[in-house]
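Here the structure comes first, spelled out in structure tokens, and everything after it is commentary.
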């Protein structure tokens, strides 16, 4: 039974026809959202059966490549550019694995720790050979910004290997934010503070406006809910569905779930769900007075807004089901199948390339060839407008 069959409509007036139209839209949108979730679940099951295992194999191959390449970081025959390219490559792969939702049991943190251990060892070995003359240049640069800062050669080497250690020495020697700010002009400092406060107040004001608008809307809906027959219907339902009045355990559990739905509908001023529950549990005809009919309209309009927002989240959220939906969904089963086939081919090709690379790059010489190819490819890539402007005007 639907609301349209139970509610006695009066003579042709605008309010009943509006209620009919809103109710039909809610039923349509509710069905749309439910069907969308079912389609996503079906597609995700297909992905798990056909693709997920191959995603995990690819992730494992990338992890093996990271560990293998990390062993070359300390090799002295690499040029600075080659080593930087190698480290960038490894970091790109680590970022990919960190964001990948289908890597299975792979522990990315352990892979990252292997890389960091080789990189830290290289940094420590490198800074230990920095001559005192270069350390003095660094010391003078720091003392220009922080007059009176005293650092030994060993401390400077530590900072070179890990720049974040500079803050520890600044704190130990009493250089707080006040001294740090002296390196900047008063005008710049005030300008930056003004910008920060402007941004803060703009965001805060927008948040306040949205919150006030939502509070007003909730207050309006609450008043509409309480000031109509809906409130009486809620109380009657609550009395009938209260689980404490049921002795049978199965029925008690069922009523508990229904009571939760009812309470949630009351909390969200969801007139649609309340009416559905009422029609399901009472046989009497529902004949609303004019005030209730008028009050129902904004309640049902709000329900449509919620359903549309839910549908937007169904498409835009970043849960695994939605990620798979965005990647593989198509207008037909044939197109979805092609999407799976093409993606599997790309995964298998990449795994083959990594396997060949690991087999080939066993010496510094062969790895340098691979790195040089990557460097040359980047040099021939079209430059972005931002990068071109930076080069042109030395920003």
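The values are calculated or read from the model by the stated rules, or taken from the named source; none is laboratory data. These numbers were taken from a predicted model, which means no experiment stands behind them. Here the Cβ positions follow ideal geometry from the backbone for every residue, glycine too, while neighbour counts run over all protein chains shown.
Observations
- Each residue in the range 138-150 was checked for being without any contact (Cβ under 8 Å) to a residue 12 or more places away in the chain and surrounded by 12 or more Cβ atoms within 10 Å (Cβ to Cβ), and 1 pass.
- Residue in the range 121-131 that is closer than 30 Å to residue 54 by Cα, touching a residue at least 40 places away in the same chain (Cβ under 8 Å) and surrounded by 14 or more Cβ atoms within 10 Å (Cβ to Cβ) present: no
- Among (1) under 36 Å from the mean Cα position of the chain (by Cα); (2) in a helix (DSSP H, G or I); (3) crowded, with 16+ Cβ neighbours inside 10 Å - the single one residue 269 does not satisfy: (2)
- Residue match in the range 94-110 (condition: in the same structural domain as residue 360 (by TED's automatic domain parsing), within 30 Å of residue 153 (Cα to Cα) and surrounded by 15 or more Cβ atoms within 10 Å (Cβ to Cβ)): no
- In the set (1) within 30 Å of residue 20 (Cβ to Cβ); (2) loosely packed, with under 14 Cβ neighbours inside 10 Å, the condition left unmet by residue 369 is number (1).
- So residue 297, is it touching a strand residue (DSSP E or B) at 6+ places or on another chain (Cβ under 8 Å) and either under 30 Å from residue 44 (Cβ atoms) or part of a helix (DSSP H, G or I) (or both): no
- Those residues of the range 93-111 which are closer than 20 Å to residue 54 by Cβ and assigned to a helix (DSSP H, G or I), in sequence order: 93, 96, 97, 98, 99, 108, 111
- Of note, residue 226 satisfies the criterion of being closer than 26 Å to residue 30 by Cβ and either modelled with pLDDT under 75 or within 40 Å of the chain's Cα centre (by Cα) (or both).
- First in the range 323-341 and free of Cβ contacts under 8 Å to residues at least 40 places away in the same chain, second anywhere and exposed (fewer than 15 other Cβ atoms within 10 Å of the Cβ) and not in a helix (DSSP H, G or I), Cβ under 7 Å, 6 or more apart: 339/330
- Residue check for residue 303: at pLDDT 95 or above and farther than 20 Å from residue 101 by Cα: no
Conditions tested, residue by residue: (1) at pLDDT 75 or above; (2) part of a helix (DSSP H, G or I); (3) within 29 Å of residue 49 (Cβ to Cβ).
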residue: 338; (1), (2), (3): yes, yes, yes
residue: 347; (1), (2), (3): yes, yes, yes
residue: 352; (1), (2), (3): yes, yes, yes
residue: 362; (1), (2), (3): yes, no, no
residue: 367; (1), (2), (3): yes, yes, no
residue: 371; (1), (2), (3): yes, yes, no
residue: 375; (1), (2), (3): yes, yes, no
residue: 378; (1), (2), (3): yes, yes, no
residue: 395; (1), (2), (3): no, no, no
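- Of all the residues in the range 311-335, those that are in a helix (DSSP H, G or I) and in contact with a helix residue (DSSP H, G or I) (Cβ under 6 Å, 6 or more places away or on another chain) number 6.
- Any hit, the range 112-126, residues being assigned to a loop (DSSP other than H, G, I, E, B) and either assigned by TED's automatic domain parsing to the domain that holds residue 93 or more than 30 Å from residue 91 (Cα to Cα) (or both): no
- Selection of the range 148-163 for residues being over 11 Å from residue 173 (Cβ atoms), in a loop (DSSP other than H, G, I, E, B) and modelled with pLDDT of 85 or more yields only 152.
- Hits in the range 56-92 (condition: under 23 Å from the mean Cα position of the chain (by Cα) and either surrounded by fewer than 19 Cβ atoms within 10 Å (Cβ to Cβ) or not in a helix (DSSP H, G or I) (or both)): 56, 91, 92
- All told, residue 356 meets the bar of being over 33 Å from the mean Cα position of the chain (by Cα) and under 23 Å from residue 61 (Cα atoms).
- Exactly one residue out of 33, 6 is touching a helix residue (DSSP H, G or I) at 6+ places or on another chain (Cβ under 8 Å), over 27 Å from residue 349 (Cα atoms) and at pLDDT 95 or above: that is 33.
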